[in-house]
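Remarks on the structure that follows.
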2 protein chains.
Amino acid sequence: MCIDFLLTRRSIRKFEKKDIPDSVVKKILDIARYAPSARNRQPWIFIVVKDPEAREKLSNIHKWAYPLREAPVAIVVACNNVESRVSYQVDCANATMYIMLAAHALGLGTVWIQALRNPREIREITGLPEQYTPVAIIALGYPAEKPEPKPRKPLDEIAFRERYGEKLS
Amino acid sequence: MCIDFLLTRRSIRKFEKKDIPDSVVKKILDIARYAPSARNRQPWIFIVVKDPEAREKLSNIHKWAYPLREAPVAIVVACNNVESRVSYQVDCANATMYIMLAAHALGLGTVWIQALRNPREIREITGLPEQYTPVAIIALGYPAEKPEPKPRKPLDEIAFRERYGEKLS
């Protein structure tokens with residue numbers, strides 16, 4: 001049942017020292033193409049980074065990017081900010097979420113590395129042109145940890161009926 | 001297999017005239033809590049709008065919002081732009097994607113209605129305070145259509161190896 005599938009996805013930050021076959025990476029990106037986007041513009045591109053030097057550089061863009069060092073594959077998800085001026089961030093987020101879930105379906109682990117604060121460094125490392133804004137970097141690998149789910153806010157605090165402030169229950 | 005589950009989600013714009021039990025709406029939002037967010041801040045809130053007058057108003061915010069009129073439920077997904085200043089759009093997109101997939105898992109249909117251009121109107125209709133930015137509105141209902149998948153760009157055009165422009169295959 002695919003509800004459990006949604007609930008059992010975790011952010012994975014420790015990975016086995018094991019390469020991922022190209023065919024598996026391609027399968028994941030192939031599925032990501034089916035994410036929804038505003039007016040079906042699909043303004044996303046994916047850059048698969050396996051080179052250890054490039055991953056090392058990506059892992060240093062900020063202090064939470066360290067999983068990109070150990071993961072065998074980094075996937076930079078970038079969006080065309082000209083083609084999709086208003087919604088490039090959400091379009092790109094959808095493709096990224098599809099990458100994470102496709103990986104989960106195939107037994108791989110991922111973590112979403114924030115990219116929005118570091119466009120300059122990421123453009124330099126990956127050769128991304130100005131019209132593409134890097135929105136996320138996914139660290140991808142075979143999981144070497146089984147983290148418990150992080151605590152979540154109770155539904156009562158975040159869900160309302162008809163208007164803000166009116167409890168759903 | 002949950003890969004098919006990802007591939008078979010469609011945007012649904014025609015809905016049966018049939019109400020959705022509160023318990024089902026709550027189940028969907030309960031699952032949405034498990035979407036990933038930057039530093040697990042979960043800056044999202046959900047406003048469930050069933051009132052036909054309010055849905056009529058929401059359906060008029062722009063010309064692609066019409067499915068909110070026919071769908072029995074609209075869910076406004078908004079994000080705290082103070083708590084999550086840089087990543088509120090992508091955090092909110094993740095929760096929205098989880099709503100769409102949870103609905104799909106339960107046999108319901110959804111379409112993502114763009115909200116980013118119309119914060120003022122949506123705040124007025126739902127009483128959302130300034131620190132919450134409406135990022136998406138989901139039209140939710142039992143599907144009354146079975147659309148074919150929309151065309152997707154070929155992987156070769158959008159996927160690169162190591163640097164932008166270097167083909168993956």
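In debye, nearest 20, what is the charge dipole magnitude of chain B about its Cα centre with +1 on Lys and Arg Cβ and -1 on Asp and Glu Cβ, if you could check?
Charge dipole of chain B: 220 debye, to the nearest 20.
Tell me the mean residue ellipticity at 222 nm calculated for chain B from its helices only (DSSP H runs of n ≥ 4, each -39500 (n - 2.57), averaged over every residue, nearest 500).
Computed ellipticity for chain B at 222 nm equals -10000 deg cm²/dmol.
Please give the residues from the range B:81-116 for which the solvent-accessible area of heavy atoms, probe 1.4 Å, is smaller by at least 40 Å² with all protein chains in place than with the chain isolated.
Going by heavy-atom accessible area, the residues of the range B:81-116 that drop by at least 40 Å² are B:V86, B:Q89, B:V90, B:N94, B:M97, B:Y98, B:A105, B:W112, B:Q114.
Label position 7 Å from Cα toward Cβ: report the copy-to-copy distances for A:D51 in nm, one decimal, ordered from shortest.
When each copy's label point is compared with this one, the spacings are 5.8 nm.
Averaging sequence separations of C-alpha pairs under 8 Å and six or more residues apart, then dividing by the length of the range B:7-144, give the relative contact order as a whole percent.
36 percent
With every atom except the alpha carbons ignored, what do you get for Rg and Dmax of the range B:7-144, in angstroms?
13.8, 40
Which entries of B:K27/B:K167; A:K167/B:K14; A:K150/B:K18 show an alpha-carbon separation above 32 angstrom in the structure shown?
The pairs that break the limit, which is 32 Å between Cα atoms, are B:K27/B:K167; A:K150/B:K18.
Run the 1.4 Å probe and let me know the accessible area of A:K167, rounded to the nearest 10 Å².
For A:K167, solvent-accessible area is about 110 Å².
Got a sec? Which residues of the range B:30-58 lose 40 Å² or more of accessible surface with every protein chain in place, vs. that chain alone, 1.4 Å probe?
The answer is B:I31, B:R33, B:Y34, B:P36, B:R39, B:N40, B:Q42, B:I45, B:F46, B:I47, B:V48.
Take the Cα of A:K17, step 7 Å along the line toward its Cβ, and report every residue of the range A:61-85 whose backbone nitrogen sits under 16 Å from that point.
A:69-73
Heavy atoms only, probe 1.4 angstrom, no DNA, RNA or ligands counted: give me B:R123, A:R69 ranked by accessible area, highest first.
Listed by decreasing accessible area, they come as A:R69, B:R123.
In the range A:141-162, which residues give up 30 Å² or more of accessible area once the other protein chains are added, compared with their chain alone (1.4 Å probe)?
Those are A:R152, A:K153, A:L155, A:I158, A:F160, A:R161, A:E162, which lose 30 Å² or more relative to the chain on its own.
Counting only protein heavy atoms and using a 1.4 Å probe, what share of the accessible area of the protein assembly as shown belongs to carbon plus sulfur, as a whole percent?
On the protein assembly as shown, the fraction of accessible area on carbon and sulfur atoms equals 49 percent.
Spin-label point model (7 Å from Cα, Cβ direction): what's the B:L7 to A:E83 distance in nm?
Those two pseudo-labels are separated by 2.3 nm.
Would you calculate the separation in nanometres between label points at B:L106 and A:K63, each defined as 7 Å from the Cα along the Cα-to-beta-carbon direction?
In this crude label model, B:L106 to A:K63 measures out at 4.0 nm.
Working out 0.36 nm times the residue gap between B:R41 and B:R163, then minus their Cα-Cα distance, what length gain in nm do you get to one decimal?
Values: separation 122, 0.36 × 122 = 43.92 nm, distance 3.20 nm.
My answer for the length gained is 40.7 nm.
Per 20 Å bin from zero, what fraction in whole % of the C-alpha pairs of the protein assembly as shown is there, up to the bin with the longest pair?
Final binned percentages: 34, 58, 8.
Accessible area of A:C2, 1.4 Å probe, to the nearest 10 Å²?
Ignoring ligands and nucleic acids, A:C2 comes out at about 20 Å².
Mind checking the dipole of the protein assembly as shown: about its Cα centre, +1 per Lys or Arg Cβ, -1 per Asp or Glu Cβ, Debye to the nearest 20?
Details: 54 positive and 40 negative charges, 5 e Å.
The calculated dipole for the protein assembly as shown is roughly 20 debye.
So, taking all protein chains as they sit and a 1.4 Å probe, how much accessible area belongs to B:W64, in Å² rounded to tens?
Taking all protein chains as shown, B:W64 has close to 120 Å².
When DSSP beta bridges are limited to those with both residues in the protein assembly as shown, what percentage is antiparallel, rounded to the nearest 5? It would help to have the intermediate numbers written out before the result.
Working: 44 of 52 bridges.
Just about 85 percent of them are antiparallel.
The values are calculated or read from the model by the stated rules, or taken from the named source; none is laboratory data. Computed from a predicted structure; not experimentally measured. Neighbour counts are summed over all protein chains in view; Cβ atoms, including those assigned to glycine, are modelled from backbone coordinates with ideal geometry. We work out accessible area using only protein heavy atoms, side chains counted, and drop any ligands, DNA or RNA first. Shrake-Rupley method; radii C 1.70, N 1.55, O 1.52, S 1.80 Å.
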